[in-house]
Amino acid sequence: MDSKANNISEPSLSQYFANDPPSFFDEIAANKASVSENATDGTNALATNYQNQSTCIKATAGPNPLQSNFANITSQSTPNTGTIGNLTSHTFSGGFKPPEYIENPGELEEDLKVPDQVRNFWEPPHTEPGVPPLLTMPGIQIANDLPDLIAAAVLEHLGNQELCLRKILNADSVTQDERGLRSLIAAGCYRAAVNLTGRLLTIYGQGYGRAGQPSKHSPHSLQLWFTRLTLLAKLGEYELLQQEAEPFELLNRADVYYEFYSEMYPDKTGSIASFSFRLLLAELPIYLGNPQLALDRLSELYVICNEIKQYYNERQPPEAQEFWKKRELRVLHAIVNCALIMKKFNLIDDILRSMIFDRSDLSKEERRALFSAWGRIYLQIGDIFGAEQKFAEARRLRKIYSQPDLRDLVDKGLITVAKNDFPEAYATFQKALHLESGNTMILNNMGVCLLYAGKLKDAINLFERAINLNPQKSLNESLLVNLSTLYELESNHSKNKKLNLLRLINRYKPDLNISLEICLKLQAIN
């Protein structure tokens, strides 16, 4: 594509999504990773997906209840739906980490140096002369706003007096524009943010009842749709997500390309939609229980990225090939996530081996992060010896004479858990906690170690102390599920303690990623 660019960059995702652990969009390119220092070029994104391996309690566990916990290669922000092998959704099992679509700030700065025609390098579909092209005609699928589920549960279980203590932003509390949307997401008010996207998309003629009706697309309208669909995925609203994403297919219709609007964008070519939007749609079948379709779509996207990367080999601008190499890696990370669900460990092995040994531009720290991720995947399949080998490779890449850091300690703790040495694992995780106090993933693992060392009350005290010290951070879904399970193991009369947790959630949490019925096991309360 040789047309001139006008240097107007597409909307930046960082405008919308804040790095807000442990709740949202905090792993793919987080500024503050919990177990590693992230690379600035996206290479480390895969490792971040697996760096925060958090164990999960099941009340009916047998003699070795942690044996399958290594299926939970996921971050502390990923919710637990109540089964050991799955921390994300009841619709599928495995170690899938939902895509967290926030761009790396360092990468964004590099993106600004890349001309628009490089960033948007996609060929529009071919249309026969005289044949009207197929159009993308989305629309909001619900007439009313998403309700506040926490408020509904508080009203049901605790009454209106407690509900009055709930002070959160809603779609009416902020400006009706991008700035308001950013404010809601930064505050963790994701349902309210979904509601605001509905209002803003209505302005574009794509509101409720408009599905199937032609309308014009722009970088801003497609960014709003991308934001809305990502939030729906985050909130587990999969049925609505599927309905609203369906009209976009794979963004392969003519009206999502600049060429379709030649009078509005005379000097621009290629895709109006962001690359992350394409990646989200490719991964969408994972949420809907069809990982094989997602793998097919991701493989096709990988081939396209590779072809564009090869096209820019020795062509101008010189940074174009590196830019598309980063996008190619992002797709590979997604393929590994998908392969984890499908238990295609040979595919994962091939990809990680290629990423580590075929790229000469990786730093030692980037290689180390990938070896660590590789070791944790070996733990998932029960290969302790293989995991130890990968962790040893990671340690060899650490700076000479440096002390064990967070990554080393967590890796060691996971190995000792796999060997059922829970006191030693607890001591190791405790050392890691000294390096990053308040890390919920580490606290979760410490609590599980205490439980299976026969110290139930100590485990409960640990979780309760973490919540009291930092309720906003520690009231995350996996810790809440674990603590609720511990309450049930402690006594048949756990209702009051769970309702106390609900009071804290009411005051400190605008939204949860999973329902309170699952998070606090409210349905089990007598």
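The values are calculated or read from the model by the stated rules, or taken from the named source; none is laboratory data. As the structure is a prediction and not an experimental result, all values here were calculated from the model. Don't worry about glycine lacking a Cβ; one is built from the backbone with ideal geometry, like all the others, and counts go over all protein chains shown. Only protein heavy atoms, including side chains, enter the accessible area calculation; ligands, DNA and RNA are left aside. Shrake-Rupley method; radii C 1.70, N 1.55, O 1.52, S 1.80 Å.
With respect to Ile168, is the statement that it is out of contact with any helix residue (DSSP H, G or I) (no Cβ under 6 Å at 6 or more places or on another chain), among the β-branched types (Val, Ile, Thr) and buried (at least 17 other Cβ atoms within 10 Å of the Cβ) true? Give the derivation first.
Numbers: out of contact with any helix residue (DSSP H, G or I) (no Cβ under 6 Å at 6 or more places or on another chain): yes; among the β-branched types (Val, Ile, Thr): yes; buried (at least 17 other Cβ atoms within 10 Å of the Cβ): yes.
Criteria met by Ile168.
Looking at the stretch 468-526, which of its residues are basic (Lys, Arg) and under 29 Å from Asn195 (Cα atoms)? Write out each step before concluding.
Step one: filter the stretch 468-526 for residues basic (Lys, Arg), giving 473, 495, 497-498, 503, 507, 509, 521.
Within the stretch 468-526, Lys473, Arg503, Arg507, Lys509, Lys521 meet the criteria.
Could you please let me know if Ala233 is of a type in the set (A, V, I, L, M), outside any helix (DSSP H, G or I) and in contact (Cβ under 8 Å) with a residue 40 or more places away in the chain? Judged against the criteria, Ala233 is not a match.
Among the conditions (1) modelled with pLDDT under 95; (2) assigned to a loop (DSSP other than H, G, I, E, B), the only one that Glu156 does not satisfy is (2).
Please verify whether Ser478 is touching a residue at least 24 places away in the same chain (Cβ under 8 Å) and within 30 Å of Phe371 (Cβ to Cβ), treating the condition exactly as stated. Against the criterion (touching a residue at least 24 places away in the same chain (Cβ under 8 Å) and within 30 Å of Phe371 (Cβ to Cβ)), Ser478 qualifies.
Check the stretch 402-416 and report whether any residue there is open to solvent by 70 Å² or more (accessible area, probe 1.4 Å), closer than 28 Å to Lys498 by Cα and in a helix (DSSP H, G or I). Walk me through it before giving the result.
Taking the stretch 402-416 and keeping what is open to solvent by 70 Å² or more (accessible area, probe 1.4 Å), we get 403, 412.
Still in the running and closer than 28 Å to Lys498 by Cα: none.
No, that holds for no residue.
If the condition is being open to solvent by 10 Å² or more (accessible area, probe 1.4 Å) and among the aromatic types (Phe, Trp, Tyr), then the stretch 449-472 contributes only Tyr452.
Quick check on Phe323: is it under 16 Å from the mean Cα position of the chain (by Cα), among the hydrophobic types (A, V, I, L, M, F, W, C) and either closer than 24 Å to Phe226 by Cα or at pLDDT below 90 (or both)? Show your work before the answer.
Numbers: under 16 Å from the mean Cα position of the chain (by Cα): no; among the hydrophobic types (A, V, I, L, M, F, W, C): yes; either closer than 24 Å to Phe226 by Cα or at pLDDT below 90 (or both): yes.
Here the answer is no, as Phe323 does not meet what is asked.
Looking only at residues of the stretch 339-387 that are of a type in the set (Lys, Arg) and open to solvent by 10 Å² or more (accessible area, probe 1.4 Å), we find that the one that is modelled with the lowest pLDDT is Arg359. Can you name every residue in the stretch 263-274 that is touching a residue at least 60 places away in the same chain (Cβ under 8 Å), open to solvent by less than 10 Å² (accessible area, probe 1.4 Å) and not polar (S, T, N, Q)? Hits for the stretch 263-274 are Gly270, Ile272. Scanning the stretch 209-217 for any residue that is at pLDDT below 95 and at positive phi turns up at least one such residue.
What helices (runs of 4 or more DSSP H), lying completely within the stretch 305-396, carry at least 2 residues that are touching a residue at least 12 places away in the same chain (Cβ under 8 Å), more than 30 Å from Ser271 (Cβ to Cβ) and not hydrophobic (A, V, I, L, M, F, W, C)? Lay out the reasoning, then the answer.
Working: elements: 320-342, 345-357, 364-380, 384-396.
In the stretch 305-396, 364-380, 384-396 are the helices (runs of 4 or more DSSP H) which contain 2 or more residues that are touching a residue at least 12 places away in the same chain (Cβ under 8 Å), more than 30 Å from Ser271 (Cβ to Cβ) and not hydrophobic (A, V, I, L, M, F, W, C).
Can you tell which of Leu479, Leu475, Leu520, Leu486 is open to solvent by less than 60 Å² (accessible area, probe 1.4 Å), over 30 Å from Leu146 (Cβ atoms) and in contact with a helix residue (DSSP H, G or I) (Cβ under 7 Å, 6 or more places away or on another chain)? So the residue among Leu479, Leu475, Leu520, Leu486 that is open to solvent by less than 60 Å² (accessible area, probe 1.4 Å), over 30 Å from Leu146 (Cβ atoms) and in contact with a helix residue (DSSP H, G or I) (Cβ under 7 Å, 6 or more places away or on another chain) is Leu486. Restricting to the stretch 171-192, and then to whatever is part of a helix (DSSP H, G or I) and touching a residue at least 40 places away in the same chain (Cβ under 8 Å), can you tell me which residue is most open to solvent (accessible area, probe 1.4 Å)? By that ranking, first place goes to Arg182. Is it true that some residue in the stretch 225-244 is surrounded by 17 or more Cβ atoms within 10 Å (Cβ to Cβ) and in contact with a strand residue (DSSP E or B) (Cβ under 7 Å, 6 or more places away or on another chain)? The answer is yes, given that some residue of the stretch 225-244 is surrounded by 17 or more Cβ atoms within 10 Å (Cβ to Cβ) and in contact with a strand residue (DSSP E or B) (Cβ under 7 Å, 6 or more places away or on another chain). Taking first residues from the stretch 276-303 that are without any contact (Cβ under 8 Å) to a residue 12 or more places away in the chain and open to solvent by 20 Å² or more (accessible area, probe 1.4 Å) and partners that are part of a helix (DSSP H, G or I) and of a type outside the set (Val, Ile, Thr), the Cβ contacts under 7 Å between residues at least 6 apart in sequence or on separate chains come to Leu293/Pro285.
Phe429 - would you say it is open to solvent by 40 Å² or more (accessible area, probe 1.4 Å), of a type outside the set (A, V, I, L, M), modelled with pLDDT of 95 or more and in a helix (DSSP H, G or I)? The answer is no for Phe429.
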